[in-house]
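Beneath this line is the structure, given in structure tokens, with notes to follow.
Every number in this text was worked out from the coordinates using simple rules, so none of it is lab data. These numbers come from a predicted model, not from an experiment.
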Ligand SMILES: Cc1cc2nc3c(=O)[nH]c(=O)nc-3n(C[C@H](O)[C@H](O)[C@H](O)COP(=O)(O)O)c2cc1C
């Protein structure tokens, strides 16, 4: 058995385990990342942040650059198609306190690809390498790139472009070996990950369908990747991270509710009550599903109007969760809230 608790390096940044929490739009808020670190992820990532949004100082976009003291090491991911705008965004990401700036060459969603960003860049190797070179030249922190196998099914484009991105300055590559066309259907073909590992002399992170300890071990052993990335399996389920590390037990109902409530409270603090109310709805099913609670319970929660009502209802159902929550809160490190007010002046474009 490989020990996933081994440390490894991305440039000078030490990563304390071979488990990386995936960037997921609409999911990877600060509460998700902090929880991931607590459960053993060695590296956590922000969801993709628009470099144009950063350039225009869009308030919501800048909110994504909020970094908590207990998130490190943290990668902030940016997407865009203009090398100079990406370079400027990377400077802001570094100034915000990220340890790594990650570039998205994988997003298959039309809203992103039609702007020339995300996975389309796999078909534009010149521009892709220019982006990586511009970003690497702009910041002192390591640059990583996350990509899909290519645009079309069966594509091997990632193997052509990967070494060029490393030459341009990428210090790590993450591969999700599905095509953009596949979206999330079919299976991740990690034989491509193994080929990529052979071609480059930087660490490769394997992303896609890592859902169990056995799977994580198989992917690491058969690809030579430095780490595995976990995405959907960790939605509402931080316990999978412990399981992957070989220390997991199924959570009790008290633990599930305590983690859910902590997540809700932190998300309300981060996004504000109004945005958090809608954002959290998908998490109720993710936390309470997996056979942990009867199905109608989730439906009941989704229909409640406020996050406060949801909290009251789950505590009423599982009173013991209050004690577990108190214990978790006591064990949490003191966190200086790094709010927008504390961000470098440059992020506001003035002073
Ligand atoms: C809801 C959702 C949002 C995602 N958002 C991003 C993103 O912002 N940036 C990115 O590089 N990948 C994104 N991904 C892809 C994941 O990081 C990961 O590569 C993919 O889900 C495969 O891993 P999994 O099988 O462990 O989920 C997203 C995936 C999902 C399901």
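Structural remarks
- Using all pairs of distinct alpha-carbon atoms, the Kirkwood hydrodynamic radius of segment 1-106 works out to 14.0 angstrom.
- For the options 75, 138, 128, a Gaussian network treatment of the chain with springs between C-alpha atoms closer than 10 Å singles out 138 as fluctuating the most.
- Highest-MSF residue in the chain out of 32, 293, 263 [GNM, Cα springs under 10 Å]: 293
- Computed over segment 202-319, the ratio Rg/Rh where both radii use C-alpha atoms and Rh is Kirkwood: 1.05
- Relative contact order for the chain, counting Cα pairs under 8 Å that sit 6 or more residues apart, in percent: 15 percent
- Considering only alpha-carbon pairs that sit under 8 angstrom and 6 or more positions apart, the relative contact order computed for segment 164-316 is 15 percent.
- Each principal axis of the Cα cloud of segment 1-63 was taken in turn, and the coordinate range along them, longest first, works out to 47, 24, 15 Å.
- For segment 77-228, the equivalent ellipsoid derived from the Cα gyration tensor has semi-axes of 24, 18, 14 Å, listed largest first.
- The chain - convex hull of alpha carbons, volume per residue in Å³: 131 Å³
- The angle between the Cα long axis of helix 253-271 and the longest principal axis of the Cα atoms of the chain comes to about 60 degrees, rounded to the nearest 10.
- Helix axis angle, 83-95 relative to the chain longest principal axis, alpha carbon, degrees: 40 degrees
- Expected 222 nm ellipticity per residue - DSSP helices of 4 or more, -39500 (n - 2.57), all of the chain, to 500: -13000 deg cm²/dmol
- As a length-normalised measure over Cα pairs under 8 Å and 6 or more apart, the relative contact order of segment 56-145 settles at 33 percent.
- Computed from Cα positions, the angle between helix 307-317 and the longest principal axis of the chain comes to roughly 60 degrees.
- For the chain, the share of DSSP beta bridges that are antiparallel, to the nearest 5, is 10%.
- Normalising by residue count, segment 160-267 has a Cα convex hull of 137 Å³ per residue.
- Of all the options 278, 68, 186, the one that moves most in a Gaussian network model of the chain with Cα springs shorter than 10 angstrom is 186.
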